[in-house]
Amino acid sequence: MLSAMAVGLSGGLLLAVPVSNLLGGHDGRENVAITNPFAAWSGIADQDILLVGTDVGGGNTDVIASLRVDGGTTRITQVPRDSYIEAQGYGPNKINALYAIGGIDLLKRELSHKLGRPITHHVLVNLGAIRRMADAIGGIEVNVPKRLYYTDRSQGLSIDLQPGLQNLKGRDLEGFLRFRHDELGDIGRLERQQLAWQALFRKLTRPEHLVRLPALLAAAGKDLKTDLGPMELGGLITAMGTTQLDTRRLPGRPFMRNGISYWDAEWPRAASSDAGVPPQASPDPDRYRFLY
């Protein structure tokens, strides 16, 4: 599958950047306007796509987000992994348990209900792939907000980052994306993931990296899985290259239920016809105790 994507993207992405800019000594520091050679497939940019990031073992979803290219903006909506959800046929759970329970189809179905619009496609990326892709582009520049230190020998995880602007790649980048062992927990991790999304977006939309996307996908290997075809993926990526990035997380607040901490996400209220599915009832507000 990935080899087919590489072949399909190689020709198209080379056309995504005006050749005169590459041959004329453009240094890539400006976000050059990119023409989309996948015009016949640009409709993919008007659809909601599920982004899922799993840990190195592949069983836990550390990142859950929806992506949509809307006009001149790429919108990424992060869903906190502890969000409370009552999946049809599975009862109450944290949303990050759904992938392990019922796979990507269950996660897409429930998010379609909750977001009020259909999730049509998905991109599933293991953190091992993120490490290799970041290494392939020389890392991403991130302003680490504070000291991040945590060691978990059972997971082979060692995080030790100092605050300040620095170039992250490899295991340092993985640690930055996964760290959640402070007073903010998962919400702090989502804020750091926003910083990483923005830094990765800035770097990937440079012309010299756009033309290397086939090689980046090859570096991801089997750790990147998607139901998008190569031309659809090319249409999506090149459309993103002409936009501004808007990253946000679903608002809400934490609460306790039966001794377990959850996130009470404020899901958008959209017309049921938008998603093609009936809206779900709001949970009983008396069943839990808010933490603050």
Set of lysines with alpha-carbon distance to LYS222 below 19 Å, sequence-local pairs under 8 removed = none
ask   = Among the lysines, which have Cα under 19 Å from the Cα of LYS225 when same-chain residues fewer than 8 positions away are ignored?
value = LYS108
message = Give me, ordered by chain and number, the residues 5 or more places off ILE137 or on other chains with an amide H under 5 Å from its own placed amide H.
response = none
request  = Mind checking region 74-105 for chymotrypsin sites (Phe, Trp or Tyr not before Pro) that DSSP puts in a loop (not H, G, I, E or B) and that have at most 15 other Cβ atoms within 10 Å?
outcome  = TYR90
query = From the backbone phi of region 165-179, what are the Karplus-calculated ³J(HN,Hα) couplings (6.51 cos²θ - 1.76 cosθ + 1.60, θ = phi - 60°) in whole Hz, Gly and Pro given as x?
reply = 6, 7, 8, 9, 7, x, 5, 5, 5, 4, x, 4, 6, 9, 4
request  = Return the long-range amide H neighbours of LEU228 (sequence gap of 5 or more, or a different chain), with a cut-off of under 5 Å between placed amide H atoms.
outcome  = HIS122
ask   = Which of the aspartates and glutamates could a cross-linker bridge to LYS203, judged by Cα under 18 Å and excluding same-chain residues fewer than eight apart?
value = ASP27, GLU30, ASP135, GLU141, ASP172, GLU174, ASP246
message = Quick check on packing: order 102-111, 137-146, 124-133, 232-241 by the mean number of other C-beta atoms within 10 Å, highest mean leading.
response = 232-241, 124-133, 102-111, 137-146
request  = Using per-residue counts of other Cβ atoms within 10 Å, averaged over each peptide, order 250-261, 164-175, 195-206 from highest down.
outcome  = 195-206, 164-175, 250-261
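Bear in mind these aren't lab numbers, they're just calculated from the coordinates by the rules spelled out. Please read all numbers here as calculations on a predicted model, not as lab measurements. Note that each Cβ is placed from the backbone with ideal geometry, even for glycine, and that neighbours are counted across all protein chains shown.
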